[in-house]
Amino acid sequence: MSDDLRIAVLGVGMMGAFHVDALSKRVRGARVTVINDFLDDKAAEVAGKVGARVEADPIAAINDSDVDAVLIASPGDAHAEQLNACLDRGIPVLCEKPLTTDISSAYAIAQKEKALGKQLIQVGFMRRFDPEYAALQKLVADGGLGKPLMVHCVHRNPAVGDHFNSEFMIRDSVVHEVDSVRFLLGEELNSVEVIKGAATGSAPHGTHDPMLVIFETGSGAIVTVESFVRTGVAYEVRTEVVGEKGSALIGLDQNLQLKSTDGRWGGKLTPGFVERFGQAYDIELQRWVDAAKAGTIDGPSAWDGYAAVAVCEAGVLALRSGVKVHVHLAGGNSVAALETEEPHAGIQAPDLEGAWP
Ligand code: ISE
(Lines give C-alpha, C1' and ligand atoms only; values in the text may rest on other atoms or scores of the structure.)
Protein backbone atom coordinates (compact mmCIF):
# COMPACT_ATOMS: atom_id res chain seq x y z
CA MET A 1 0.00 0.00 0.00
CA SER A 2 1.34 3.43 -0.94
CA ASP A 3 2.01 5.87 1.87
CA ASP A 4 1.48 8.87 -0.40
CA LEU A 5 -0.29 11.84 1.15
CA ARG A 6 -3.68 11.86 -0.59
CA ILE A 7 -4.63 15.44 -1.37
CA ALA A 8 -7.85 17.20 -2.33
CA VAL A 9 -7.23 20.38 -4.30
CA LEU A 10 -10.00 22.95 -4.01
CA GLY A 11 -9.95 25.45 -6.85
CA VAL A 12 -8.04 24.73 -10.04
CA GLY A 13 -7.69 28.14 -11.57
CA MET A 14 -4.18 29.14 -12.55
CA MET A 15 -2.53 28.52 -9.16
CA GLY A 16 -4.50 25.40 -8.25
CA ALA A 17 -3.82 23.78 -11.62
CA PHE A 18 -0.15 24.67 -11.29
CA HIS A 19 -0.03 22.99 -7.87
CA VAL A 20 -1.80 19.87 -9.16
CA ASP A 21 0.81 19.58 -11.88
CA ALA A 22 3.65 20.01 -9.38
CA LEU A 23 2.14 17.54 -6.91
CA SER A 24 1.77 14.89 -9.55
CA LYS A 25 5.10 15.42 -11.34
CA ARG A 26 7.68 16.98 -9.07
CA VAL A 27 6.70 16.46 -5.44
CA ARG A 28 7.60 13.15 -3.79
CA GLY A 29 5.19 11.25 -1.57
CA ALA A 30 1.99 12.98 -2.67
CA ARG A 31 -0.98 12.10 -4.83
CA VAL A 32 -3.92 14.27 -5.85
CA THR A 33 -7.01 12.14 -5.35
CA VAL A 34 -9.84 14.69 -5.46
CA ILE A 35 -10.41 17.90 -7.39
CA ASN A 36 -13.07 20.49 -6.72
CA ASP A 37 -13.81 23.67 -8.62
CA PHE A 38 -16.91 25.77 -9.08
CA LEU A 39 -16.39 25.26 -12.81
CA ASP A 40 -17.20 21.59 -13.47
CA ASP A 41 -15.44 21.48 -16.84
CA LYS A 42 -12.24 22.89 -15.40
CA ALA A 43 -12.32 20.38 -12.53
CA ALA A 44 -12.87 17.49 -14.95
CA GLU A 45 -10.07 18.64 -17.24
CA VAL A 46 -7.48 18.93 -14.44
CA ALA A 47 -8.64 15.75 -12.68
CA GLY A 48 -8.44 13.80 -15.94
CA LYS A 49 -4.77 14.70 -16.34
CA VAL A 50 -3.75 13.21 -12.99
CA GLY A 51 -6.25 10.38 -12.51
CA ALA A 52 -8.12 12.15 -9.71
CA ARG A 53 -11.87 12.24 -9.30
CA VAL A 54 -14.09 15.29 -9.23
CA GLU A 55 -16.11 16.17 -6.15
CA ALA A 56 -18.63 18.94 -6.72
CA ASP A 57 -18.96 19.96 -3.07
CA PRO A 58 -15.76 21.33 -1.46
CA ILE A 59 -16.84 20.35 2.05
CA ALA A 60 -17.57 16.80 0.89
CA ALA A 61 -14.12 16.76 -0.75
CA ILE A 62 -12.51 17.73 2.58
CA ASN A 63 -14.40 14.93 4.32
CA ASP A 64 -13.76 12.23 1.73
CA SER A 65 -12.17 9.07 3.12
CA ASP A 66 -9.49 9.08 0.41
CA VAL A 67 -8.28 12.54 1.45
CA ASP A 68 -5.48 13.00 4.01
CA ALA A 69 -4.77 16.69 3.39
CA VAL A 70 -6.21 19.65 1.51
CA LEU A 71 -4.76 22.34 -0.70
CA ILE A 72 -7.01 25.40 -0.89
CA ALA A 73 -6.60 27.51 -4.02
CA SER A 74 -10.22 28.62 -4.27
CA PRO A 75 -11.31 32.29 -4.25
CA GLY A 76 -10.50 34.02 -0.96
CA ASP A 77 -14.11 34.38 0.17
CA ALA A 78 -14.47 30.57 0.25
CA HIS A 79 -11.47 30.06 2.54
CA ALA A 80 -13.05 30.57 5.97
CA GLU A 81 -15.65 27.83 5.51
CA GLN A 82 -13.16 25.44 3.90
CA LEU A 83 -10.51 26.02 6.58
CA ASN A 84 -13.11 25.48 9.29
CA ALA A 85 -14.06 22.15 7.73
CA CYS A 86 -10.38 21.09 7.62
CA LEU A 87 -9.98 22.00 11.29
CA ASP A 88 -13.20 20.14 12.16
CA ARG A 89 -11.79 17.04 10.51
CA GLY A 90 -8.32 17.69 11.96
CA ILE A 91 -6.41 17.34 8.70
CA PRO A 92 -3.47 19.39 7.35
CA VAL A 93 -4.17 22.17 4.90
CA LEU A 94 -2.08 24.41 2.69
CA CYS A 95 -4.11 27.55 2.03
CA GLU A 96 -3.24 30.07 -0.64
CA LYS A 97 -3.42 33.68 0.53
CA PRO A 98 -5.50 35.30 1.84
CA LEU A 99 -6.13 33.17 4.91
CA THR A 100 -9.62 34.71 4.90
CA THR A 101 -11.00 38.00 3.65
CA ASP A 102 -11.55 39.78 6.96
CA ILE A 103 -9.71 40.20 10.23
CA SER A 104 -12.31 38.63 12.50
CA SER A 105 -12.63 35.38 10.58
CA ALA A 106 -8.83 35.15 10.17
CA TYR A 107 -8.39 35.52 13.91
CA ALA A 108 -11.18 33.04 14.63
CA ILE A 109 -9.47 30.45 12.42
CA ALA A 110 -6.11 31.00 14.11
CA GLN A 111 -7.77 30.66 17.53
CA LYS A 112 -9.69 27.55 16.54
CA GLU A 113 -6.48 25.88 15.40
CA LYS A 114 -4.74 26.94 18.60
CA ALA A 115 -7.48 25.30 20.66
CA LEU A 116 -6.80 22.03 18.84
CA GLY A 117 -3.25 22.12 20.18
CA LYS A 118 -1.57 21.34 16.86
CA GLN A 119 -0.62 23.29 13.79
CA LEU A 120 -2.61 22.16 10.78
CA ILE A 121 -2.71 25.31 8.65
CA GLN A 122 0.15 26.46 6.46
CA VAL A 123 -0.34 29.60 4.36
CA GLY A 124 0.95 29.78 0.79
CA PHE A 125 3.42 32.62 1.06
CA MET A 126 5.86 31.04 -1.36
CA ARG A 127 8.57 33.68 -1.20
CA ARG A 128 9.77 32.24 2.11
CA PHE A 129 10.89 29.17 0.14
CA ASP A 130 12.72 31.09 -2.57
CA PRO A 131 16.47 30.48 -2.14
CA GLU A 132 17.24 34.20 -2.42
CA TYR A 133 14.69 35.20 0.23
CA ALA A 134 15.83 32.36 2.48
CA ALA A 135 19.47 33.48 2.15
CA LEU A 136 18.57 37.09 2.87
CA GLN A 137 16.56 36.07 5.93
CA LYS A 138 19.54 34.07 7.22
CA LEU A 139 21.92 36.95 6.58
CA VAL A 140 19.68 39.29 8.59
CA ALA A 141 19.08 36.75 11.37
CA ASP A 142 22.83 36.06 11.63
CA GLY A 143 23.46 39.77 12.09
CA GLY A 144 25.32 40.09 8.78
CA LEU A 145 23.76 43.47 8.06
CA GLY A 146 23.65 44.66 11.65
CA LYS A 147 20.42 46.15 12.90
CA PRO A 148 17.99 46.49 9.96
CA LEU A 149 16.97 50.09 9.41
CA MET A 150 15.16 50.10 6.10
CA VAL A 151 13.69 47.69 3.57
CA HIS A 152 13.00 48.76 0.01
CA CYS A 153 10.66 46.61 -2.02
CA VAL A 154 9.74 46.82 -5.67
CA HIS A 155 6.79 44.69 -6.78
CA ARG A 156 5.92 45.08 -10.44
CA ASN A 157 3.61 42.98 -12.57
CA PRO A 158 3.51 43.36 -16.36
CA ALA A 159 -0.29 43.41 -16.65
CA VAL A 160 -3.48 42.64 -14.74
CA GLY A 161 -7.22 42.79 -15.39
CA ASP A 162 -9.40 45.82 -14.74
CA HIS A 163 -10.71 44.25 -11.51
CA PHE A 164 -7.25 44.91 -10.03
CA ASN A 165 -8.10 48.21 -8.32
CA SER A 166 -6.04 49.99 -5.66
CA GLU A 167 -7.50 47.95 -2.79
CA PHE A 168 -6.87 44.71 -4.64
CA MET A 169 -3.27 45.82 -5.23
CA ILE A 170 -2.82 45.90 -1.47
CA ARG A 171 -4.69 42.71 -0.64
CA ASP A 172 -3.37 40.56 -3.49
CA SER A 173 0.02 41.99 -4.35
CA VAL A 174 1.45 44.05 -1.47
CA VAL A 175 0.38 41.23 0.87
CA HIS A 176 3.53 39.42 -0.30
CA GLU A 177 5.71 42.26 0.98
CA VAL A 178 3.83 42.20 4.28
CA ASP A 179 4.72 38.55 4.76
CA SER A 180 8.22 38.86 3.30
CA VAL A 181 9.20 41.68 5.62
CA ARG A 182 7.73 39.93 8.68
CA PHE A 183 9.79 36.89 7.60
CA LEU A 184 12.99 38.77 6.80
CA LEU A 185 13.06 40.95 9.90
CA GLY A 186 11.15 38.69 12.29
CA GLU A 187 8.96 41.53 13.52
CA GLU A 188 5.45 42.84 13.10
CA LEU A 189 4.42 45.79 10.95
CA ASN A 190 2.95 48.45 13.21
CA SER A 191 1.73 51.12 10.83
CA VAL A 192 0.97 51.75 7.19
CA GLU A 193 0.49 54.74 4.94
CA VAL A 194 -0.19 54.91 1.24
CA ILE A 195 1.10 57.59 -1.11
CA LYS A 196 -0.73 57.95 -4.38
CA GLY A 197 0.98 59.59 -7.31
CA ALA A 198 0.35 59.90 -11.01
CA ALA A 199 -1.25 56.78 -12.45
CA THR A 200 -0.08 54.99 -15.57
CA GLY A 201 -2.30 55.57 -18.60
CA SER A 202 -3.38 51.92 -18.67
CA ALA A 203 -4.83 52.03 -15.13
CA PRO A 204 -8.63 52.25 -14.96
CA HIS A 205 -9.96 55.59 -13.76
CA GLY A 206 -9.51 55.90 -9.98
CA THR A 207 -6.91 53.16 -9.65
CA HIS A 208 -3.66 54.39 -8.10
CA ASP A 209 -1.20 52.33 -10.09
CA PRO A 210 1.63 52.69 -9.15
CA MET A 211 1.50 53.60 -5.48
CA LEU A 212 3.94 53.74 -2.63
CA VAL A 213 3.09 51.88 0.57
CA ILE A 214 5.14 52.65 3.67
CA PHE A 215 5.23 50.46 6.73
CA GLU A 216 6.92 50.90 10.06
CA THR A 217 8.06 47.83 11.97
CA GLY A 218 7.98 47.22 15.71
CA SER A 219 11.63 48.30 16.04
CA GLY A 220 11.04 51.43 13.97
CA ALA A 221 12.54 50.23 10.67
CA ILE A 222 10.92 51.81 7.62
CA VAL A 223 9.69 49.68 4.71
CA THR A 224 8.93 51.20 1.32
CA VAL A 225 6.95 49.23 -1.26
CA GLU A 226 6.48 50.33 -4.83
CA SER A 227 3.39 48.50 -6.02
CA PHE A 228 3.00 48.75 -9.79
CA VAL A 229 0.90 46.11 -11.51
CA ARG A 230 0.64 47.45 -15.07
CA THR A 231 4.22 48.16 -16.12
CA GLY A 232 3.67 46.60 -19.52
CA VAL A 233 7.17 45.12 -19.24
CA ALA A 234 7.91 42.17 -16.97
CA TYR A 235 7.67 40.62 -13.51
CA GLU A 236 10.08 42.47 -11.26
CA VAL A 237 10.25 41.73 -7.55
CA ARG A 238 13.23 43.15 -5.72
CA THR A 239 13.90 43.49 -2.02
CA GLU A 240 16.76 45.34 -0.38
CA VAL A 241 17.47 45.31 3.33
CA VAL A 242 19.60 48.17 4.62
CA GLY A 243 21.21 47.70 8.00
CA GLU A 244 23.73 49.41 10.24
CA LYS A 245 26.54 47.32 8.76
CA GLY A 246 25.56 47.16 5.10
CA SER A 247 22.84 46.31 2.63
CA ALA A 248 21.78 43.32 0.53
CA LEU A 249 19.57 43.24 -2.54
CA ILE A 250 17.76 40.27 -4.11
CA GLY A 251 15.62 39.82 -7.22
CA LEU A 252 17.95 40.93 -9.94
CA ASP A 253 16.86 38.28 -12.43
CA GLN A 254 20.15 36.49 -12.07
CA ASN A 255 18.81 33.64 -14.13
CA LEU A 256 19.15 35.86 -17.16
CA GLN A 257 21.39 34.84 -20.01
CA LEU A 258 23.85 37.63 -20.45
CA LYS A 259 24.29 38.78 -23.99
CA SER A 260 27.23 40.81 -25.11
CA THR A 261 27.24 40.07 -28.80
CA ASP A 262 25.94 43.38 -30.03
CA GLY A 263 27.92 45.66 -27.78
CA ARG A 264 25.22 45.72 -25.10
CA TRP A 265 24.74 43.74 -21.96
CA GLY A 266 21.46 42.40 -20.73
CA GLY A 267 19.19 39.42 -20.89
CA LYS A 268 15.64 38.20 -20.76
CA LEU A 269 13.34 39.65 -18.14
CA THR A 270 11.13 37.29 -16.13
CA PRO A 271 7.61 37.31 -17.58
CA GLY A 272 5.51 36.29 -14.55
CA PHE A 273 5.38 35.00 -11.00
CA VAL A 274 5.29 31.35 -11.98
CA GLU A 275 8.62 31.78 -13.77
CA ARG A 276 10.12 33.87 -10.96
CA PHE A 277 8.91 31.71 -8.08
CA GLY A 278 8.51 28.29 -9.77
CA GLN A 279 11.27 26.75 -7.69
CA ALA A 280 9.90 28.32 -4.51
CA TYR A 281 6.45 26.81 -5.16
CA ASP A 282 7.96 23.35 -5.61
CA ILE A 283 10.05 23.63 -2.43
CA GLU A 284 7.00 24.93 -0.56
CA LEU A 285 4.88 21.96 -1.67
CA GLN A 286 7.55 19.37 -0.90
CA ARG A 287 8.12 20.77 2.57
CA TRP A 288 4.39 20.97 3.24
CA VAL A 289 3.85 17.36 2.13
CA ASP A 290 6.74 16.11 4.28
CA ALA A 291 5.52 18.09 7.28
CA ALA A 292 1.87 17.08 6.83
CA LYS A 293 2.91 13.42 6.91
CA ALA A 294 4.68 14.13 10.18
CA GLY A 295 1.56 15.84 11.52
CA THR A 296 2.81 19.43 11.46
CA ILE A 297 3.55 22.40 9.19
CA ASP A 298 6.80 23.77 7.78
CA GLY A 299 6.15 27.32 6.70
CA PRO A 300 3.97 30.36 7.38
CA SER A 301 1.35 29.62 10.03
CA ALA A 302 -2.27 30.61 10.61
CA TRP A 303 -0.98 33.50 12.75
CA ASP A 304 1.16 34.69 9.83
CA GLY A 305 -1.93 34.52 7.63
CA TYR A 306 -3.95 36.46 10.19
CA ALA A 307 -1.23 39.13 10.61
CA ALA A 308 -1.08 39.61 6.83
CA VAL A 309 -4.87 40.04 6.65
CA ALA A 310 -4.81 42.60 9.49
CA VAL A 311 -1.95 44.65 8.00
CA CYS A 312 -3.54 44.62 4.54
CA GLU A 313 -6.88 45.77 5.94
CA ALA A 314 -4.97 48.59 7.64
CA GLY A 315 -3.42 49.33 4.23
CA VAL A 316 -6.84 49.53 2.65
CA LEU A 317 -7.97 51.88 5.42
CA ALA A 318 -4.85 54.02 4.86
CA LEU A 319 -5.62 54.10 1.16
CA ARG A 320 -9.20 55.19 1.74
CA SER A 321 -8.47 57.67 4.50
CA GLY A 322 -5.23 59.20 3.25
CA VAL A 323 -3.74 59.03 6.75
CA LYS A 324 -1.39 56.72 8.58
CA VAL A 325 -3.06 53.70 10.17
CA HIS A 326 -1.63 51.96 13.23
CA VAL A 327 -2.07 48.21 13.58
CA HIS A 328 -2.40 46.50 16.93
CA LEU A 329 -2.58 42.76 16.46
CA ALA A 330 -4.80 40.64 18.64
CA GLY A 331 -4.36 40.64 22.36
CA GLY A 332 -6.80 40.35 25.25
CA ASN A 333 -10.33 40.50 23.89
CA SER A 334 -9.54 42.39 20.72
CA VAL A 335 -9.12 40.61 17.39
CA ALA A 336 -6.92 43.51 16.18
CA ALA A 337 -7.34 47.24 16.28
CA LEU A 338 -6.72 49.62 13.40
CA GLU A 339 -6.33 53.22 14.47
CA THR A 340 -6.24 56.12 12.04
CA GLU A 341 -4.05 59.13 12.73
CA GLU A 342 -5.59 62.59 12.79
CA PRO A 343 -5.90 64.00 9.28
CA HIS A 344 -3.76 67.08 8.69
CA ALA A 345 -5.37 70.37 9.68
CA GLY A 346 -7.39 71.82 6.86
CA ILE A 347 -7.89 68.50 5.10
CA GLN A 348 -11.37 67.12 5.39
CA ALA A 349 -11.60 63.78 7.15
CA PRO A 350 -12.73 61.09 4.73
CA ASP A 351 -15.80 58.99 5.33
CA LEU A 352 -14.52 55.80 6.87
CA GLU A 353 -17.87 54.13 7.17
CA GLY A 354 -17.65 50.53 6.07
CA ALA A 355 -13.89 50.54 6.31
CA TRP A 356 -13.87 48.52 9.48
CA PRO A 357 -13.92 44.78 9.31
C1 ISE B 1 -0.68 37.26 -7.48
O2 ISE B 1 -1.82 36.75 -6.83
C3 ISE B 1 0.54 36.79 -6.81
O4 ISE B 1 0.50 36.12 -5.81
C5 ISE B 1 1.81 37.30 -7.37
O6 ISE B 1 2.90 36.83 -6.69
C7 ISE B 1 1.78 38.81 -7.35
O8 ISE B 1 2.94 39.29 -7.98
C9 ISE B 1 0.57 39.35 -8.06
O10 ISE B 1 0.55 40.75 -7.96
C11 ISE B 1 -0.68 38.77 -7.43
O12 ISE B 1 -1.81 39.22 -8.11
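When you go through I109, I91 one by one, which is the residue that is in contact (Cβ under 8 Å) with a residue 24 or more places away in the chain and crowded, with 23+ Cβ neighbours inside 10 Å? Show your work before the answer.
Values: I91 fails: crowded, with 23+ Cβ neighbours inside 10 Å.
Going through I109, I91 in turn, just one is in contact (Cβ under 8 Å) with a residue 24 or more places away in the chain and crowded, with 23+ Cβ neighbours inside 10 Å: I109.
Do we find that E177 is acidic (D, E) and away from the ligand (no atom under 12 Å from the Cβ) in this structure?
On the way: acidic (D, E): yes; away from the ligand (no atom under 12 Å from the Cβ): no.
Spelling it out, it is not the case that E177 is acidic (D, E) and away from the ligand (no atom under 12 Å from the Cβ).
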Original post:
Failed condition for V70, given (1) touching a helix residue (DSSP H, G or I) at 6+ places or on another chain (Cβ under 9 Å); (2) assigned to a strand (DSSP E or B); (3) within 16 Å of the ligand (Cβ to nearest atom), with all others met?
Top reply: (3)
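Answer yes or no as to whether S166 is surrounded by 18 or more Cβ atoms within 10 Å (Cβ to Cβ) and polar (S, T, N, Q). Please lay out each step first, then the result.
On the way: surrounded by 18 or more Cβ atoms within 10 Å (Cβ to Cβ): yes; polar (S, T, N, Q): yes.
So S166 passes the test.
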**OP:** Please give the strands (runs of 3 or more DSSP E) falling wholly within the range 181-290 in which 3 or more residues are over 18 Å from the mean Cα position of the chain (by Cα) and either within 16 Å of the ligand (Cβ to nearest atom) or at pLDDT 95 or above (or both).
**Re:** 189-196, 211-217, 236-243, 246-250
**OP:** Count, please, the residues in the range 40-70 that happen to be among the hydrophobic types (A, V, I, L, M, F, W, C) and within 26 Å of the chain's Cα centre (by Cα).
**Re:** 9
Original post:
Inside the range 128-158, can you point out the residues that are part of a loop (DSSP other than H, G, I, E, B), crowded, with 17+ Cβ neighbours inside 10 Å and more than 16 Å from the ligand (Cβ to nearest atom)?
Top reply: L145
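The values are calculated or read from the model by the stated rules, or taken from the named source; none is laboratory data. Values in this document were obtained by computation on a predicted structure and should not be read as measured data. Using ideal geometry, Cβ is built from the backbone for each residue, glycine included, and neighbour counts are taken over all protein chains shown.
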